[in-house]
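Heads up: the structure comes next, in structure tokens.
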Amino acid sequence: MGKMTEGKVGSFYNFLSDGCKLCQLGAKMVLFVTGKCERGCFYCPVSEDRKKDVVYANEHPVRSDEDVINEARQMSALGTGITGGEPLLELERALHYIRLLKSEFGPGHHIHLYTSIAPEKDTLAALAEAGLDEIRFHPPVELWNSLKDTPFADSIRTAIELDISAGIEIPAMEGAEKITDLVNSVGGFLNLNELEFSDTNADAMRKGGFELHDDMSNAVANSRAYAKKIAPCCAKFHFCSSRYKDAVQLKNRLLRTAENTARPFDEITEEGTIAYGVIKNSDPGSSLAVLQKMEVPDDLFEVMDGRIEIAWWVLEDIADELNEVGSILTIIERYPFEGGLVVQTTPI
Ligand code: SF4
């Protein structure tokens, strides 16, 4: 078995699929093609408002193909991960998006897809034909014990025969060790995600006797330790920690996005958020007059609807003059896209 490498924030691996390599760079768009699913996993992390037939590109609801393309462009995506819910419950839609992304960004735009069902050969052939590069099967827990005797064994073999890179991706918990023989025998990979609490699964997790590892993350106690035990038995293994998704993947995606969206006066922070100043005033003209009197360059501020956004360091310099004309001053730090989550607001 290959040498195990310790990754960032508790992840480790002896193999990274192409999809994981791009994901670690923050270069994978997450395309949620439907929240419909017939599984009902006790650990399901999907939020309540997404447990229906909706489409999202990262955080953004999708209403047109353009929304998908624009989101991919905004983050300079090098690939896409198609997920859900169960994407294959909307097979034609999944195929449509694979073809759309390949035609817009070329065959090099790497696409992987998650599925909790065992698709037949014709479905896999259609996915291969459309250009799918990688498929990750998520079989239900009750089948882990005898997976090689289930349709999942055929699906993973057929996918590999069709030149789709294939593996199993499941939470790191008891029973996962039963899967290593199958993935090793077909040359597939095994991705274990650190089991974690979420708003939607917390009750079921507690009922299942699961506990938090610590109060720093949503990780479940012993999930990582479990993966450590399984890793040496698997030729192609990757454990992705709960904290990895925010501390590395999301941060890198935000940094890529900020490169494309930040204005000349936005500061891009190490976390990929942007920071800038905001001036509000019941008489906006009086604040604008201060900026003009102080000869603030035009590219260091922008007049918006009901506020002025400005370089925070300039705002700090002229705060006194602005306060004298009744301005309300704050520094905002938020995700670098329209409607991005505000992570900090600092009044001046
Ligand atoms: S297969 Fe995925 S979406 Fe469906 S219930 Fe399980 S975790 Fe949730």
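Relative to the 2.2 N^0.38 Å rule of thumb, the chain has a C-alpha radius of gyration ratio of 1.16.
Between K52 and D181, what FRET efficiency comes out of the Förster formula 1/(1 + (r/R0)^6) with R0 = 41 Å and r the beta carbon distance, rounded to 0.05?
On the way: r = 37 Å, r/R0 = 0.91.
The calculated FRET efficiency here is 0.65.
When the Cα gyration tensor is reduced to axis lengths a ≥ b ≥ c, the ratio a/c is 1.5 or higher for the range 47-165, and with a/b not above b/c it is classed as oblate. Quick one: grab the alpha carbon gyration tensor of the range 197-348, order the square roots of its eigenvalues as a ≥ b ≥ c, and give me rounded if a/c is under 1.5, else prolate or oblate depending on whether a/b is larger than b/c. Judged from the Cα gyration tensor, the range 197-348 comes out prolate (a/c at least 1.5, a/b above b/c). Using +1 at the Cβ of each Lys and Arg and -1 at the Cβ of each Asp and Glu in the range 180-239, identify which of L182, F237, T200 lies farthest towards the dipole's positive end. Value: L182.
Note that the range 201-291 presents 48 Å² accessible area per residue, ligands and nucleic acids not counted, probe 1.4 Å. Annotation for V325 and D299: the two label points, set 7 Å from Cα along the Cα-Cβ direction, are 2.4 nm apart.
Model label sites at T150 and A204, defined 7 Å from Cα along the beta-carbon direction, differ in position by 1.5 nm. Evaluated at q = 0.15, 0.20, 0.22 Å⁻¹, a Debye calculation over the C-alpha positions of the range 307-348 (equal weights, vacuum) places log10 I(q)/I(0) at -0.40, -0.66, -0.76. Its Cα centre serving as origin, the range 5-258 has a Cβ charge dipole (Lys and Arg +1, Asp and Glu -1) of approximately 580 debye.
Which whole-angstrom value gives the distance between the alpha carbon centres of the range 75-144 and the range 259-309? Using only Cα atoms, the two centres lie 42 Å from each other.
Leaving out ligands, DNA and RNA, and with a 1.4 Å probe, what % of the accessible surface on the range 204-348 is carbon or sulfur?
Details: 3940 of 7830 Å².
On the range 204-348, the fraction of accessible area on carbon and sulfur atoms equals 50 percent.
With 0.36 nm allotted per residue and the present C-alpha distance subtracted, the K36-R93 stretch has 19.2 nm of extension available.
Summed over the residues of the range 81-197 and divided among them, the accessible surface reaches 38 Å² per residue at a probe radius of 1.4 Å.
Spin-label pair D215-K228: with each label point 7 Å from Cα along the Cα-Cβ axis, the two points sit 2.4 nm from one another.
Can you name the helices of the chain, as whole DSSP H runs, whose Cα span along the helix axis is 20 Å or more and whose Kyte-Doolittle mean is not below -1.0? Can you show the working numbers first?
Working: long enough: 91-105 (21 Å, -0.06).
Sorted by number, the helices that extend far enough and score high enough are 91-105.
The values are calculated or read from the model by the stated rules, or taken from the named source; none is laboratory data. Here the structure is a predicted model, which is why all the values come from computation and not from measurement. Please note: Cβ atoms are built from the backbone with ideal geometry, for glycine as well, and neighbour counts cover all protein chains shown. Each accessible area value is taken on the protein alone, full model and side chains, heavy atoms only, with ligands, DNA and RNA left out. Shrake-Rupley method; radii C 1.70, N 1.55, O 1.52, S 1.80 Å.
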